[in-house]
1. Run the dipole for the chain about the Cα centre, Lys and Arg Cβ at +1, Asp and Glu Cβ at -1, nothing else charged, and hand back the magnitude in debye, nearest 20.
2. State the answer as a single residue: which of 339, 383, 424 lies farthest towards the positive end of the charge dipole of the range 253-424, with beta carbon charges of +1 for Lys and Arg and -1 for Asp and Glu, about the Cα centre.
3. Per residue of the chain, what 222 nm ellipticity follows from adding -39500 (n - 2.57) for every DSSP H run with n ≥ 4, rounded to the nearest 500?
4. Starting from the range 302-363, pick out the trypsin sites (Lys or Arg not before Pro) whose DSSP state is loop and whose Cβ has at most 11 other Cβ atoms within 10 Å.
5. Just to be sure I understand the model, the point goes 7 Å from the Cα along the line to the Cβ. What's the resulting residue 84 to residue 465 distance in nm?
6. Straight-line reach from residue 440: which lysines have a Cα under 21 Å away, not including same-chain ones fewer than 8 places off?
7. So for the pair residue 241, residue 95, with labels modelled 7 Å out along Cα→Cβ, what separation do we get in nm?
8. At R0 = 45 Å, how high is the FRET efficiency between residue 285 and residue 45 if r is their beta carbon distance? Nearest 0.05 is fine.
Amino acid sequence: MIPTPPTGPRSLRRVGFLAFYSLLPVAFRSPFPRFPRPILAIEHTPHLLFLLRWLLIGAAVGGLVGSASAGFLLALDWITAWREAHPWILWLLPAGGLLIGASYHYLGQGVVRGNNLILDEIHNPRTTIPLRMAPLVLFGTLATHLFGGSAGREGTAVQMGGTLADQLTRWLGLRPRDRKLLLIAGISAGFASVFGTPLAGAVFGLEVFLIGTIRYDALVPSFLAAVCADLVTKAWGVGHSHYPQLAALPLTPLGLVFTLGCGMAFGLTARGFATLTHALTRWFQRIAYPPLRPVVGGVLVALAVLALGTTKYIGLGVPTILAAFQAPALPQDFLLKLALTALTLGCGFKGGEVTPLFFIGATLGSALALVLPLPVALLAAMGFVGVFAGAANTPLACTLMGLELFGAHAGVYLALACATAYLFSGHTGIYAAQVIGHAKHLRFGREQGQPLGSIPKYRQNGRANAAIRNAQS
């Protein structure tokens with residue numbers, strides 16, 4: 001049976017009380033609006049503390065790295081001008097190689113791997129990077145440029161950035177997780193300050209250590225350090241090279257085809273550069289006494305420059321890069337720069353690969369203007385960022401660099417060139433310690449998790465195992 005509700009005076013009083021209290025909010029509603037929920041609620045406190053913490057750390061990293069990069073760039077400009085005024089110094093390149101080789105052999109055994117050591121510490125943190133890496137790479141790079149080697153400056157800035165940033169690990173007592181973020185911030189700060197591209201520098205640090213993947217928890221530290229380092233370098237009065245701003249050009253079907261074709265050429269060129277550099281490094285390792293390796297390489301570079309009769313292919317080559325935007329370059333320019341840079345770095349001289357890659361890409365793209373109906377400046381810009389994207393496996397950073405240096409009007413062309421070059425460079429690159437986070441193609445999915453330096457041996461073992469299985473079947 002369904003129970004019947006109680007009746008009587010007592011139940012009526014209960015109903016009356018309920019009705020009275022339910023109508024109170026309506027009868028005495030406040031004429032003032034209710035305050036909204038606070039924008040910064042209690043659950044946002046960790047985010048605010050994280051931002052403030054990394055703002056302070058990023059400012060410290062930016063101050064250290066930006067100042068170091070400013071001093072490095074000023075010294076490099078002076079040394080380059082002095083070398084151009086005294087071309088006879090090239091004949092002392094073997095002696096400079098001996099000096100660099102001996103310095104690393106006796107003082108820098110633990111830091112000779114340079115950028116790859118920093119990438120390894122991000123993947124598998126072991127110990128703080130020795131502070132001596134910064135002065136050693138600074139000295140080695142300046143000596144390389146003084147005596148006439150073909151090298152860049154990015155590697156030096158990144159190594160100084162990573163080293164100086166990592167020293168804060170001990171001073172601040174950071175945990176291993178935070179140390180990884182700090183190393184990424186140091187890389188970003190070094191790259192941004194040496195090229196004057198804070199956006200590209202920030203994304204480069206996020207992108208470079210793990211191919212095909214970005215570590216989003218490092219976004220705030222990376223961007224803060226990159227922006228602060230760029231501001232500090234400029235505050236020291238140090239300028240950067242200025243490149244022409246590209247005009248707006250609509251993307252046509254034919255232009256799309258040409259852009260993809262150029263991207264393929266840039267990617268294959270990047271692959272060739274990385275492969276040749278690593279092959280020469282292995283070849284010079286046959287010389288048992290390490291300080292003699294750059295001596296032999298220095299002799300070969302000096303003889304090559306003598307045979308060519310010009311110094312346009314040594315040093316940074318910035319004047320040739322700028323000229324490539326004005327008129328088509330000679331078809332052999334990119335090949336000669338590629339060979340001399342691979343020889344210089346492969347034998348043990350110090351410096352970066354990026355500015356030579358700019359030279360290689362800009363002159364290759366400029367030379368393609370002889371056969372393609374696209375503006376020479378656009379082709380040079382696509383090569384400038386495309387070859388770098390393929391060699392460093394950082395297509396997003398290179399696209400942003402193109403936007404920062406050449407303007408946004410040709411952004412679609414630059415992005416397509418970088419993406420295509422990244423694909424066609426395959427699982428090769430200038431940094432052997434890069435780990436494949438996500439394969440570039442499904443066919444190579446089994447190589448995920450492998451560092452680039454182990455890919456040739458990994459593939460060789462795979463072919464050997466396949467041959468054994470075929471023989472057994």
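1. Dipole about the Cα centre, nearest 20: 1720 debye.
2. With unit charges placed on the Cβ atoms, the residue in question is 339.
3. -22000 deg cm²/dmol
4. Nothing satisfies the criteria.
5. 5.4 nm
6. The reachable lysines, counting only those whose Cα sits under 21 Å from residue 440, are 457.
7. Here the modelled spin labels are 3.0 nm apart.
8. For R0 = 45 Å, the calculated efficiency reads 0.25.
Bear in mind these aren't lab numbers, they're just calculated from the coordinates by the rules spelled out. Just so it is clear, the structure is predicted and the values come from calculations on it, not from any experiment. Every residue, glycine as well, gets a Cβ built from its backbone with ideal geometry; the counts of neighbours run over all protein chains shown.
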